[in-house]
Amino acid sequence: PAIGLDQFAGEYQAIDRQWRVVSHRLRQTPGVDRTCLAHVEKLNLYDQQICELLNLKPQLDRRELARQVVEMRGSLQTLFEDLAYTVRRQPNLRPLLVEGQTLLARVDRFGRLAGQDVPHPVLVAEYRDVYARWRALAKQVRLSDDRYIVRRMQSIEANHDMIHELLWLPREIDRDELVALTRTFQRDVHHIQHGITLDHLIEHPHPEDAVASALALNQACANLITALAGPASLDDLVWDVRVLEVEWQTADAQLSRWGEVELDQRLAAAQRTMEALTGALGQELTIDHHEIVALVATIHDGANALASQMVRLVSGSNQYSASFRATSQAAARDFEDAAHHLHESLTRHATEEHLKRDCLAVASAWQSVQESVDACSPQHRASLNLICRPLGPQIAKLQILYAY
């Protein structure tokens with residue numbers, strides 16, 4: 001049934017609000033294809049024209065904005081309480097507590113405006129003042145060199161990232177924050193490495209790999225700190241952080257083998273810092289090594305089971321031609337071999353380009369084995385599909401993670 005213009009306008013407000021966030025994210029994401037960005041700009045134009053026709057103002061998600069402000073305000077309050085204890089040891093930081101109270105007052109004012117129907121430019125102007133005060137204060141707070149305070153600041157920075165997004169503001173890169181996060185991550189790594197004993201290395205199946213990954217991680221940290229101290233461009237910094245992240249994933253895979261509670265807690269703390277570091281550059285973490293290893297292991301097991309079942313059902317059955325028996329078993333073996341080869345590449349920490357080729361080989365072999373299963377008798381097909389059914393989504397996820 002037809003709907004009235006007022007109802008349509010009311011429903012389109014939600015679409016406009018969601019689209020503006022999606023558009024902002026795409027435009028702020030480094031490396032997005034120019035063709036994709038051209039489509040985004042075209043959709044932005046259509047959205048603007050529709051809003052003008054419906055006499056709609058730009059739709060802010062004010063509820064989420066207010067929630068982020070309240071959360072940030074609570075984190076700031078806790079930060080200043082923690083800082084009050086630090087001031088006892090470092091009296092030179094006392095003026096920061098006064099500045100902190102001023103900042104809280106400005107945050108409260110911005111929070112009140114966020115809950116009112118004030119124009120977008122007014123909100124942006126108020127928030128820019130809050131953010132500028134936070135940046136100046138954060139630079140001084142980091143001088144305390146207290147890792148617990150630095151961690152508290154990470155949650156506040158995450159709130160600022162969300163508020164930037166909700167107000168459709170471009171992300172601002174704070175090199176001081178990047179330096180602080182990199183040094184925090186470096187301390188996290190040293191804390192982990194100091195907890196590893198000779199007994200740990202003796203128990204490790206490949207101790208030389210654990211040592212090599214630790215040395216490579218330390219070097220990647222040092223390289224990033226050097227880059228941040230110089231005139232490195234944003235693209236160069238993104239590359240250095242990516243290198244650091246890859247070395248961290250490799251080291252994490254080696255160091256998590258012992259499964260000790262205290263060590264796992266230290267690894268988790270370092271992981272949170274790494275997430276904050278990549279987030280500060282507007283990046284998302286790349287593929288989690290543990291996730292991809294578990295996924296490929298599951299596919300590998302499924303491929304083995306499928307090959308065995310194909311031999312049992314098809315090879316000894318007279319209802320199939322000799323040619324079909326040969327091709328179907330060859331397809332199952334190729335799929336099994338491709339899965340095994342990918343699993344081996346992962347355990348050897350092959351290059352990403354190599355892994356992409358192996359993923360494409362698995363996907364291609366999977367397509368062939370599916371065609372063979374579809375050509376089997378209904379009874380045999382039903383039995384084989386018990387194995388194939390869970391493999392389909394797993395291989396699709398594999399392609400999303402690596403092949404595309």
Identify, by number, the condition in (1) free of Cβ contacts under 8 Å to residues at least 60 places away in the same chain; (2) surrounded by 14 or more Cβ atoms within 10 Å (Cβ to Cβ); (3) among the aliphatic types (A, V, I, L, M) that L79 doesn't meet.
(1)
Looking only at residues in the stretch 136-150 that are part of a helix (DSSP H, G or I) and without any contact (Cβ under 8 Å) to a residue 40 or more places away in the chain, which one is nearest to the chain's Cα centre (by Cα)?
V150
Give the residues of the stretch 29-64 that are closer than 30 Å to D235 by Cα and assigned to a helix (DSSP H, G or I), sorted by residue number.
R34, T35, C36, L37, A38, H39, V40, E41, K42, L43, N44, L45
Restricting attention to the stretch 333-342, does a residue exist that is more than 41 Å from the chain's Cα centre (by Cα) and farther than 30 Å from R242 by Cα?
no
Could you list all residues from the stretch 109-156 that are over 30 Å from Q186 (Cβ atoms) and among the hydroxyl-bearing types (S, T, Y)?
Y127
Residues of the stretch 1-24 being crowded, with 16+ Cβ neighbours inside 10 Å and among the acidic types (D, E), in sequence order, are D16
Determine whether Q77 is polar (S, T, N, Q), under 31 Å from the mean Cα position of the chain (by Cα) and in a helix (DSSP H, G or I).
yes
If only one of L384, L355 is in contact (Cβ under 8 Å) with a residue 12 or more places away in the chain, more than 14 Å from S308 (Cα to Cα) and of a type in the set (A, V, I, L, M, F, W, C), which one is it?
L355
Considering the stretch 44-62 alone, what residues qualify as being more than 20 Å from L166 (Cα to Cα) and charged (D, E, K, R)?
E52
How many residues does the stretch 224-237 hold that are out of contact with any Ser or Thr (no Cβ under 9 Å at 6 or more places or on another chain) and in a helix (DSSP H, G or I)?
7
Can you list residue pairs whose Cβ atoms sit under 8 Å apart, with the first residue in the stretch 229-248 being more than 13 Å from S213 (Cβ to Cβ) and the second being exposed (fewer than 12 other Cβ atoms within 10 Å of the Cβ) and not β-branched (V, I, T)? Count only pairs 6 or more apart in sequence or on different chains.
L234/P30; D235/P30; V238/P30
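Yes/no matrix, rows are residues, columns are (1) at pLDDT below 90; (2) of a type outside the set (F, W, Y); (3) part of a helix (DSSP H, G or I):
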{"site": "L83", "(1), (2), (3)": "yes, yes, yes"}
{"site": "L104", "(1), (2), (3)": "no, yes, yes"}
{"site": "G111", "(1), (2), (3)": "no, yes, yes"}
{"site": "L123", "(1), (2), (3)": "no, yes, yes"}
{"site": "Y131", "(1), (2), (3)": "no, no, yes"}
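Condition check ((1) modelled with pLDDT of 90 or more; (2) over 17 Å from S345 (Cβ atoms); (3) touching a Lys or Arg at 6+ places or on another chain (Cβ under 6 Å)) across all residues:
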site	(1), (2), (3)
S364	no, no, no
S372	yes, yes, no
C376	yes, yes, no
Q379	yes, yes, no
L384	yes, yes, no
P393	no, yes, no
A396	no, yes, no
Q399	no, no, no
Which number in (1) of a type in the set (V, I, T); (2) buried (at least 19 other Cβ atoms within 10 Å of the Cβ); (3) within 30 Å of R152 (Cβ to Cβ) marks the one condition that V296 misses?
(3)
Among the residues of the stretch 152-170, which ones are more than 17 Å from the chain's Cα centre (by Cα) and either in a helix (DSSP H, G or I) or among the charged types (D, E, K, R) (or both)?
R152, M153, I156, H160, I163, H164, L166
Restricting the first residue to the stretch 185-204 and requiring it to be closer than 14 Å to L215 by Cβ, which pairs with a second residue that is among the β-branched types (V, I, T) meet a Cβ separation below 8 Å and a spacing of at least six or different chains?
Q186/I225; L201/V211
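The values are calculated or read from the model by the stated rules, or taken from the named source; none is laboratory data. All of these numbers come straight from a predicted model, not from anything done at the bench. Don't worry about glycine lacking a Cβ; one is built from the backbone with ideal geometry, like all the others, and counts go over all protein chains shown.
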